[in-house]
Amino acid sequence: MGKFTEFKLMLKSLPVGKHSFEYHLDKQFFSNMENLDIRDADIKVTLTVEYRGDAYALTFHLLGTQTVLCDRCLDEMPIDIDAEYSLTVKYGDEYNDDSDSLLIIPESDNYLNVAFMIYDTAVLAIPPRHVHPQGKCNRAMSALNKKYGVTTENEDPYEDFADETDSENYDSED
């Protein structure tokens, strides 16, 4: 049995109408995806498929927590996620995933493995910057950061990235 066998969606056997499927993502799922950034997870995935006779409307809803490392102190921290992704799937002559909202799969495919769609949705739900709330970082690491002049909890390391000339360009009228 393969790592992602449980994520095979047997499209051709679905009758017209709405169908619901549930999956659970944990540490092993992300390990199987070879993702080292997500340390643990407890995510419930609800997949709703509406088959209309010519197309399948898929809606993924992910709800739960993912554990990642804090950018500031490197301790593990849980991040709540509540994400949704919708996609239409149709059968066609050949595979085509050029669009984010439409996937065309060959007529010869009896199923669609949704593991990577779920994975992408979970990973994209992680904010680009993940830090503990003020005062919750590892105190020893915070002390080392302060000692060596690294940004402390009260500072925003990204605030200096704004280029003053950019703001001047936006303020001027053409």
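The values are calculated or read from the model by the stated rules, or taken from the named source; none is laboratory data. The shown structure was predicted, so the numbers you read here are calculated from the model rather than taken from an experiment. Quick reminder, even Gly has a Cβ in these numbers, built from the backbone with ideal geometry, and neighbours come from all protein chains shown. Side chains included, ligands, DNA and RNA excluded: accessible areas come from the protein's heavy atoms. Shrake-Rupley method; radii C 1.70, N 1.55, O 1.52, S 1.80 Å.
Which of the GluC sites (Glu not before Pro) across the range 53-145 are loop residues per DSSP, with 16 or fewer other Cβ within 10 Å?
Passing sites in the range 53-145 are GLU94, GLU107.
Only four residue types carry charge here, +1 at the Cβ of Lys and Arg and -1 at the Cβ of Asp and Glu. Report the dipole size of the range 1-89 about the Cα centre in Debye, rounded to the nearest 20.
Dipole magnitude for the range 1-89 comes out near 500 debye.
With +1 assigned to the C-beta of every Lys and Arg and -1 to the C-beta of every Asp and Glu, and no other charges, what is the dipole magnitude of the chain about the Cα centre in debye, to the nearest 20?
With Lys and Arg at +1 and Asp and Glu at -1, about 1380 debye.
Near LYS27, which lysines are there with a Cα under 21 Å away, not counting those fewer than 8 places off in the same chain?
LYS3, LYS8, LYS44
Would you work out the relative contact order for the chain, in percent, from Cα pairs under 8 angstrom that are 6 or more residues apart?
It comes to 18 percent, rounded to a whole number.
Let me cross-check LYS18: its accessible surface, 1.4 Å probe, with only protein heavy atoms counted, in Å² to the nearest 10?
Number for this one is 150 Å².
Over all pairs of distinct alpha carbons, what does the Kirkwood formula give as the hydrodynamic radius of the range 18-95, in Å?
Mean inverse Cα-Cα distance, inverted, gives 14.4 Å.
What number, rounded to the nearest 500 deg cm²/dmol, is the helix-based mean residue ellipticity at 222 nm of the chain, given -39500 (n - 2.57) per DSSP H run of at least four residues and division by all its residues?
Using -39500 (n - 2.57) per qualifying helix, the result is -5000 deg cm²/dmol.
At a Cα cut-off below 16 Å, give the lysines reachable from LYS146, other chains included and same-chain residues fewer than 8 away excluded.
Of all the lysines, those that pass the test against LYS146 - Cα under 16 Å, at least 8 places apart if same chain - are LYS136.
Expressed as a rounded percentage, what relative contact order does the range 80-128 have, with Cα pairs under 8 Å and six or more residues apart?
Averaging sequence separation for qualifying contacts and normalising by length gives 36 percent for the range 80-128.
Please list, or write none, the lysines whose alpha carbon is within less than 21 Å of the alpha carbon of LYS12, excluding same-chain residues fewer than 8 places away.
Correct list for LYS12: LYS90.
Are there chymotrypsin sites (Phe, Trp or Tyr not before Pro) in the range 79-146 that DSSP marks as loop and that have at most 14 other Cβ atoms within 10 Å, and which are they?
Passing sites in the range 79-146 are TYR95, TYR111.
If R₀ is 35 angstrom, what is the calculated FRET efficiency for the pair THR48 and LEU69, using the beta carbon separation as r and rounding to 0.05?
Here the calculated transfer efficiency is 0.60.
Note down the nm distance, to one decimal, between modelled labels 7 Å out along Cα→Cβ at HIS24 and at ALA57.
Reported label-point gap for HIS24 and ALA57 is 3.0 nm.
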